[in-house]
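Shown next, in structure tokens, is the structure this report addresses.
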Amino acid sequence: MQIQAWVHHSASAAPRLESLSLDDPRPDEILVRLVASGICHTDLFAAHRFGLPAVFGHEGAGIVQSVGGKVEGLRPGDRVALTFGSCGHCRNCDAGAPAYCMQGHELQFGGKRADGSMTLARADGETLRGAFFQQSSFATHALATARNAVRIPDGLPLELAGPLGCGIQTGAGAVLNTLACRPGSSLAVFGVGSVGLSAVMAARLAHCRRIIAVDILSQRLALARELGATDLIDAADGGVVEKILGLTDGGANYSIETAGAEQSFKDAIDCLARLGVCGLCTVPRLGAPIEFSPLSILKGRTVTGVLEGSSVPREFIPQLARLYLEGRLPYDRLVSYYDFAELPRALEDAEQGRVIKAVVRMPA
């Protein structure tokens, strides 16, 4: 079918809206008419790291239009949030850890289906990279699989559902799943964008006694306070580790790094108490090597990576949706809306930190 999609041709230029051909759904796929898509940090650097031309976007939400013959549990008309892809049969998927699927990197970033086939093409037959996170949601329609499409409660607006598929579940899941923060514990959150603020809200749900928000933007720190942070630290003033050690009587039990800055990476480890645990939700310099002393972890500290909040989407996304509907996870306060035609501006505003969570809404 013919769809409209935003195509990145160059890392140095804004994407262009184009008419493309979307492949028919295979037996294990579904076709979704997208209603909205969130913009996540990964979308901002994708054109710098992955093959082009390509259609990005990985926080889609919409209505199922058709399902393949092998798809179970979904039917046309279902309202779904789209999330990351997983194979469903590797050792980690079998162990209930699809966020760490052995084929996860290729499924999210390969630009193709799991079998290597392409999903998008121009009228002349030239193929483009699609299937970003097995969806490519900067478009009017997307192909997905039953594993990365999750039905959402009827009360949740579809325009709010997309961010549950990545940013919100990453931050909330880091606290509730990966770190499993104990009641009465202390948590330092480095960077309070959408992932960090989701972690702050989840820490309140986990009954953390001390929730310390660290950032350089005063307006984000103020919002962190409203969403549950007990203490605020402006990292621009320096002395972050010393301040956290003072607030926590010798170190935080947990920390989460979402800022992707070299200094916050180091501070998130050095602020921990003995036996403290740091969850890394992103990395500095897009993963390029940095200087790091192993002495930082010789106090029994643990540093662990966090992918997608270690979630099982079919269970965790509906849980987060229910928490929102109960008023306990007000992540709508992070959202700024844009029309589909404004996607380049939404990307720029997100890149410049003018908004916390940009969501583009497709035409009806």
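Numerical summary
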quantity: Elements of type strands (runs of 3 or more DSSP E) in the range 292-364, at least 2 residues being closer than 16 Å to Glu159 by Cα and touching a residue at least 24 places away in the same chain (Cβ under 8 Å); calculated: 335-339, 357-361
quantity: Of all residues in the range 171-208 being among the β-branched types (Val, Ile, Thr) and more than 14 Å from Leu329 (Cα to Cα), the one that is surrounded by the most Cβ atoms within 10 Å (Cβ to Cβ); calculated: Val189
quantity: First in the range 17-29 and within 19 Å of Arg122 (Cα to Cα), second anywhere and among the hydrophobic types (A, V, I, L, M, F, W, C) and surrounded by fewer than 17 Cβ atoms within 10 Å (Cβ to Cβ), Cβ under 6 Å, 6 or more apart; calculated: Ser21/Ala121; Leu22/Met1
quantity: Test result for His89, assigned by TED's automatic domain parsing to the domain that holds Ala161, modelled with pLDDT of 95 or more, surrounded by fewer than 17 Cβ atoms within 10 Å (Cβ to Cβ) and more than 18 Å from the chain's Cα centre (by Cα); calculated: yes
quantity: Helices (runs of 4 or more DSSP H) lying entirely in the range 214-286 (those with 1 or more residues that are assigned by TED's automatic domain parsing to the domain that holds Ala202, of a type in the set (S, T, N, Q) and under 26 Å from the mean Cα position of the chain (by Cα)); calculated: 218-227, 262-270
quantity: Among (1) under 16 Å from the mean Cα position of the chain (by Cα); (2) within 16 Å of Leu307 (Cα to Cα); (3) part of a loop (DSSP other than H, G, I, E, B); (4) small (Gly, Ala, Ser), the one test that Gly96 misses; calculated: (1)
quantity: Residue count, the range 124-176 (criterion: more than 20 Å from Pro363 (Cβ to Cβ) and touching a Pro at 6+ places or on another chain (Cβ under 8 Å)); calculated: 10
quantity: Checking Thr170 against (1) farther than 19 Å from Thr282 by Cα; (2) touching a residue at least 12 places away in the same chain (Cβ under 8 Å), the condition it does not meet; calculated: (1)
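Yes/no matrix, rows are residues, columns are (1) in contact with a helix residue (DSSP H, G or I) (Cβ under 6 Å, 6 or more places away or on another chain); (2) under 22 Å from Glu226 (Cα atoms):
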position	(1), (2)
Cys281	yes, no
Phe292	no, no
Leu320	yes, yes
Leu325	no, yes
Leu334	yes, yes
Tyr338	yes, no
Ala364	no, no
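The values are calculated or read from the model by the stated rules, or taken from the named source; none is laboratory data. In this text, all values refer to a predicted model and were calculated from it rather than measured experimentally. All Cβ positions, even for glycine, are placed from backbone atoms using ideal geometry, and neighbour counts span all protein chains on display.
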